[in-house]
Amino acid sequence: MGKGDPILKDTFRISSSPHSVFLFQHQLTWCPQKRGTEDMSEWMKVRIQDILAVELLCKNNNVGNESKAIRNFCCLPNRKPKAASGSESSGFGQYLTIHFSQRVKDSSLWTRSQIQLSHSDYPVLHHWHQTLLTALNGMLHRPKSLLFFVNPYGGKRKGVTIFEKQVKPLLQLCSCKWTVINTQRRNHATEALAVMSDEKIGEFDVVVGVGGDGTICEVVTGLLTRGFPSSKAIDEGDLQSAPIPVAVIPAGSSNALAYTLHGTDDPQTAILHILLGSAAPLDVAAIHNHSGISRFIVGQMSYGHLADTMLYSEKLRWMGPKRYDVAGFRKFLSHATYEGSVDMRVCVDDNRKIPTQCLGGSSCDDCTNSANRTGNGEWKRVEGRFLGISGANISCRCALSPLGMAPFAHLADGHIDLILIRQASRLKHLQYLLRTAGDSRRAFALPFVERYKVDEFIFTPLQCCQSNGDAPARHSSKLDDCANNSPDRDSDLSFPVCGCDSREKTKAHSVWNCDGELWYQPSVRVTVHKNLIRIMTRSTEAESHLPSSSSSSLANSAQSSPPLSPNGSDSTVPMTLTPTPIDEISPNDIFMRESSANNGGVRY
Ligand SMILES: Nc1ncnc2c1ncn2[C@@H]1O[C@H](COP(=O)(O)OP(=O)(O)OP(=O)(O)O)[C@@H](O)[C@H]1O
């Protein structure tokens, strides 16, 4: 049960039977009464931080106009909650409905639940309602005004339906304001945000992309490029953090970002996490050309097998998410490899310690300590022929790879995990793919797979812009040399390090798959920028918000007008109760449980 003395205690009817209900600073607890005593074996509880809304409905004519006023005060006009079985027949006809977010047992899914407390004394219900409402109003970190970009085209083309059927009802429940823009074309979200005034953007608490990784990348790009002329590349020194947090509701194909942040690609889980308001910092990677940043990467960028799969899958978009399986199989059979060199600045600390998995937010040491880890990188070069190269800013979990292809990537450690898969037989490649689909940490035990934590890298393919096809030329991997070889460096700002374009040299080069979008220049320089955005995720940050604001308001509110209990006693008296047998939900449950399932802990 809750720690300390209860703030409120009363007997209510829940589903027609009497229950003892306790309100503690951090949780609401209830249990059935059997023959007038509490049945300790059936404790139930909800954390205050998981409560979404409270609603007081009084059908009793005795309260007359007041019942109307209460409903309006709850900001829930014209909506009748579903009665819990038997609650109306309990005879009181007035009840307090508490809506909360609840984790589905042994899963990453969260769902919306409710309990209805019925009581014969209206003042008791009113006091509980006011106390809980004060607590909710004190949770200032929760978003109340949201801007949505809904991609109707991504994934199974269900973005609009997901918004209407799953997101909107919860926004109404939580009395949120919202604005929706259905994207009409590629880059619509970027363009809209890039020109949005400070005043307009200040009206929102969060920008939410309803779509896949490409959609959220467009949202982030729009926020980060605000104030820069669209015709110019951005100097990395001018980059500023996004003014408001971003969030993602999965409605794309792979949904790696949503999966990593919410532990599932279930849209309801995502919107519940967003409404509960916990956010964590996230790094953003950037591809440069000779004049500055030309593209941002939020999730991952891949060259070789994964990118070829993406390139081919675009032709099969009509298949929906299945297209990745078909394209992946075909590209696996083709077994293409690509030659090139990678110059990278490697995080020295990473070599010295056991790799960790990200816990997200303030509970992750690697992310919180990233500010102290500057300038300790050492440049290193790796050359050869590769099946694939990936730079992962996040672990990239998805339905096909529960721990993600980069299980040791952190949201905000100032680095990306650079994964090099060297040339190997088909069988070995298959072994890598199978390990990535299972416990992906084991993939790094394979001798042809290397992982580096880097804050900058340059990839240069063997054949670059000097090649005419007959006489392949090794290109210098030095950035300046490469930039000088760009044929029209001043005219095309989208050129990265040099002017190569994969569309012209099909066999020698792959493309880059950047957050699910294709980038055709194989030669790239990539940097990582720390904590540029805050992103809504279920992390322990919610815990740190709660005690100072909501708990104090809970206590204050309860003290302001002592309620009447059904038996006429003071309902705030301290009590001694046996601890509940129900396990406390771990604050960072969503991250911990899955890692421990495979490994007995977070550390590998
Ligand atoms: N109305 C539209 N018509 C066509 N394309 C659109 C429209 N709105 C957005 N887009 C583009 O759709 C592309 C794909 O979107 P998104 O990445 O969200 O879905 P996905 O590729 O199916 O999912 P994932 O990236 O998770 O695999 C993006 O490049 C986006 O710019």
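The values are calculated or read from the model by the stated rules, or taken from the named source; none is laboratory data. Owing to the predicted nature of the structure, the values given are computational and were not obtained by experimental measurement. For neighbour counting, all protein chains shown are included, and Cβ atoms are generated from backbone atoms with ideal geometry for every residue, glycine included. With ligands, DNA and RNA removed, areas are computed over all heavy atoms of the protein, side chains included. Shrake-Rupley method; radii C 1.70, N 1.55, O 1.52, S 1.80 Å.
A few notes on this one:
- Criterion (open to solvent by less than 30 Å² (accessible area, probe 1.4 Å) and within 16 Å of the ligand (Cβ to nearest atom)) met by exactly one of Val206, Val248: Val248
Every residue, every condition in (1) open to solvent by 20 Å² or more (accessible area, probe 1.4 Å); (2) part of a loop (DSSP other than H, G, I, E, B), yes or no:
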site	(1), (2)
Tyr324	yes, no
Asp343	yes, no
Cys367	no, no
Trp379	yes, no
Val382	no, no
Ile389	no, no
Ile394	no, yes
Ala409	no, yes
Ile419	no, no
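- Residues of the range 183-202 classified as touching a residue at least 40 places away in the same chain (Cβ under 8 Å) and either in a loop (DSSP other than H, G, I, E, B) or near the ligand (Cβ under 6 Å from one of its atoms) (or both), total: 1
- For Asp439, the requirement of being of a type in the set (Asp, Glu) and either open to solvent by less than 30 Å² (accessible area, probe 1.4 Å) or not assigned by TED's automatic domain parsing to the domain that holds His509 (or both) is not met.
For (1) away from the ligand (no atom under 16 Å from the Cβ); (2) open to solvent by 10 Å² or more (accessible area, probe 1.4 Å); (3) part of a loop (DSSP other than H, G, I, E, B); (4) of a type outside the set (S, T, N, Q), each residue gets a yes or a no:
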| position | (1), (2), (3), (4) |
| --- | --- |
| Thr134 | yes, yes, no, no |
| Arg142 | yes, yes, yes, yes |
| Pro152 | no, yes, yes, yes |
| Gly155 | no, no, yes, yes |
| Thr161 | no, yes, no, no |
| Glu164 | yes, yes, no, yes |
| Gln172 | yes, yes, no, no |
| Trp178 | yes, yes, no, yes |
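- Complete set of residues in the range 102-121 that are in contact (Cβ under 8 Å) with a residue 40 or more places away in the chain, over 20 Å from the mean Cα position of the chain (by Cα) and either open to solvent by 30 Å² or more (accessible area, probe 1.4 Å) or in the same structural domain as Asp205 (by TED's automatic domain parsing) (or both): Ser120, Asp121
- Any chance Ser278 is closer than 18 Å to Ala412 by Cβ, crowded, with 16+ Cβ neighbours inside 10 Å and either at pLDDT 85 or above or not assigned by TED's automatic domain parsing to the domain that holds Ala445 (or both): yes
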